[in-house]
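Colleague: The following block contains the structure, expressed as structure tokens.
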Amino acid sequence: MRDAYSVAKVRAAEAALMALVPEGALMQRAAAGLAAVCTNLLRASPGAVYGSRVVLLVGTGDNGGDALYAGERLARRGAAVTAIQVGDRIHAKGAEALRAAGGRVVGVTAATDPDVTVVDFGDQAAVARHDVGYEVRQAIGRADLIVDGMLGIGGKGGLREPYATLAQLAAGVRGATTVAVDLPSGIDADSGAVEGPAVRADVTVTSGAVKPGLLIDPGASNAGVVEFVDIGLGPHLEGAPDASAPQADDIAAVLPQPTGESDKYRRGVLGLLAGSERYTGAAMLATGGAVHGGAGMVRLVTAPAAAAAVRLVHPEVIVTELGDDTRFPEDVGRVQAWVAGPGMGTDDAALRRLAAVLATPLPVLIDADGLSLLGRHKSLLPRSAPTLLTPHAGELGRLLDRAPADVEARRLAHARRAASELGACVLLKGSTTVVAPPDGLDPVLVNSTGTPWLATAGTGDVLSGLAGALLAQGLLPPQAAVAAAYLHGLAARLAASGADRHGAGGEAPIGASDLVTALPLAFRALWP
């Protein structure tokens, strides 16, 4: 499990630890870890460490100090290190150490003319005016490695000048690797929100504890690969994590496996309300996700056209056709959890069936058309039984009366709000899946498996069937949600890479039906 802690908890832990160790010890530990990561990155590129050109973007806080001391270590190994000072002050001892190792410090501060800066080359007597594009662009443009130490975990909002310009210059250097210290500048550490210009790093080296903003988009996309440096903070972090990203072993540990005493009923029976005369594919895809999700039996309730299509592909499924004389849910039979929504329609009859499902004491997953109905009839929630909602940003926006862009910008906040207001576990789909429990006390769970090729019609139907199967097998909504998201993303990667055909090379486009085929491969990957 990769656990992430809020800024407040990290700062409290830092204060407790700093009271026990010599002054500056934590910064030296962080700098040593940062330098080690930078060294490995430089070794992987032409020229290695000796003779490489390293630029440090140094702010006024401790992140700037970490960058300076790491720069000192790189300079002593033969790297040409230039620190660009942002703001009116710098970590004095760190700057002194860098200069002593052969590095140089270039101070950049705003001037009256926005196109002119004051540049200090380390000699207090040698201060001259230069066009910002000459000195700064020259240093950054030639860099092999750029280290972002401009802002720390307390930064809020988008980058202001001259920070924004430096971030833009760093992003434009072809062939250079950008490493962020603790958190890319411009990212909200607690939420991952990006409210303006921000640094886009290839690697982020975070010290002491992972921050939630490194796990959740849009911040996670700016962070790149996250490398953790242990500086001894762990024993001093109090309370539960604020976010957790389960790893392969964590997912494997919660997945149900049959025993010698298992039968189809003990393995879980899922009721699936999906599909219609128009949307036959939704029923097929959700059914496929459920069948390959380990349910002992799937009972599908759908329109006659969808029923005929599913019988051809999944003869093991028990199908109830909807008609004028159908008694719902009495005619379906015994189930242990329900999925309601994929392609089921949004008319009055669909609303009555959704209400009937929610009136049962069973776990219920609501997706797609079910969410559309719920958006118009929010009084259906909360309910006393476990409930899982699986919206994308647009669907969650309708539930909260917010624009989809607002949801995407602050995914964590909106998922938590929906979970609290609706009394349900919320799985917010996207490039990083966020699972918010309804009580607001347990950590938010985050999943990052997957591929952009998942952005295609029907993949959400497969996910709802898969998560529903896990609910029917006894998993609680948060565990069922994050396990399904992990397997769903892993199956997509396997399908897109051609792993099922022993393919090689990059990824290729996939359809939702490819996920159904790849789900057994994903399970086997977790159970070697």
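Colleague: Which of the residues spanning the range 196-225 are aliphatic (A, V, I, L, M) and in contact (Cβ under 8 Å) with a residue 24 or more places away in the chain?
Modeller: Residues of the range 196-225 that are aliphatic (A, V, I, L, M), as a first pass: 198-199, 201, 203, 205, 209-210, 214-216, 220, 223, 225.
Selection gives Ala198, Val199, Ala201, Val203, Val205, Ala209, Val210, Leu214, Leu215, Ile216, Ala220, Ala223.
Colleague: Assess whether Pro382 counts as being more than 16 Å from Glu277 (Cα to Cα), in a loop (DSSP other than H, G, I, E, B), assigned by TED's automatic domain parsing to the domain that holds Arg416 and more than 30 Å from the chain's Cα centre (by Cα).
Modeller: No, not satisfied.
For every residue, the table says whether it meets (1) at pLDDT 95 or above; (2) closer than 30 Å to Pro241 by Cα; (3) among the acidic types (Asp, Glu); (4) crowded, with 17+ Cβ neighbours inside 10 Å.
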site	(1), (2), (3), (4)
Ala12	yes, yes, no, no
Ala44	no, no, no, no
Lys93	yes, no, no, no
Val106	no, no, no, yes
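Colleague: Determine which single condition Val319 fails, assuming it passes every other condition in (1) in contact (Cβ under 8 Å) with a residue 60 or more places away in the chain; (2) touching a strand residue (DSSP E or B) at 6+ places or on another chain (Cβ under 7 Å); (3) surrounded by 14 or more Cβ atoms within 10 Å (Cβ to Cβ); (4) not in a helix (DSSP H, G or I).
Modeller: Condition (1) is where Val319 drops out.
Colleague: Next question, about the same structure. Out of Thr320, Thr326, report the one residue that is of a type in the set (Val, Ile, Thr), modelled with pLDDT of 95 or more and out of contact with any Cys (no Cβ under 9 Å at 6 or more places or on another chain).
Modeller: Within the list Thr320, Thr326, the selection yields Thr320.
Colleague: Residues that are surrounded by fewer than 24 Cβ atoms within 10 Å (Cβ to Cβ), of a type in the set (D, E, K, R) and assigned by TED's automatic domain parsing to the domain that holds Asp263: list the helices (runs of 4 or more DSSP H) wholly contained in the range 410-528 that include at least 1 such residues.
Modeller: 411-422, 477-497, 512-526
Colleague: Hey, another quick one. For the range 180-197, what are the residues that are closer than 12 Å to Gly158 by Cα and of a type in the set (Ser, Thr, Tyr)?
Modeller: Of everything in the range 180-197, just one residue is closer than 12 Å to Gly158 by Cα and of a type in the set (Ser, Thr, Tyr), namely Ser185.
Colleague: May I pose another question? Among the numbered criteria (1) in contact (Cβ under 8 Å) with a residue 60 or more places away in the chain; (2) under 27 Å from the mean Cα position of the chain (by Cα), which one does Gly343 miss?
Modeller: Tallying (1) in contact (Cβ under 8 Å) with a residue 60 or more places away in the chain; (2) under 27 Å from the mean Cα position of the chain (by Cα), Gly343 fails exactly one: (2).
Colleague: Among the listed residues Val357, Val339, identify the single one that is in contact with a Leu (Cβ under 8 Å, 6 or more places away or on another chain) and part of a helix (DSSP H, G or I).
Modeller: Val357
Colleague: Within the range 217-237, which residues are at pLDDT 95 or above and part of a loop (DSSP other than H, G, I, E, B)?
Modeller: Result: Gly224, Asp230, Ile231, Gly232, Leu233, Leu237.
The values are calculated or read from the model by the stated rules, or taken from the named source; none is laboratory data. A quick note: this is a predicted structure, and the numbers were derived from the prediction, not measured. For neighbour counting, all protein chains shown are included, and Cβ atoms are generated from backbone atoms with ideal geometry for every residue, glycine included.
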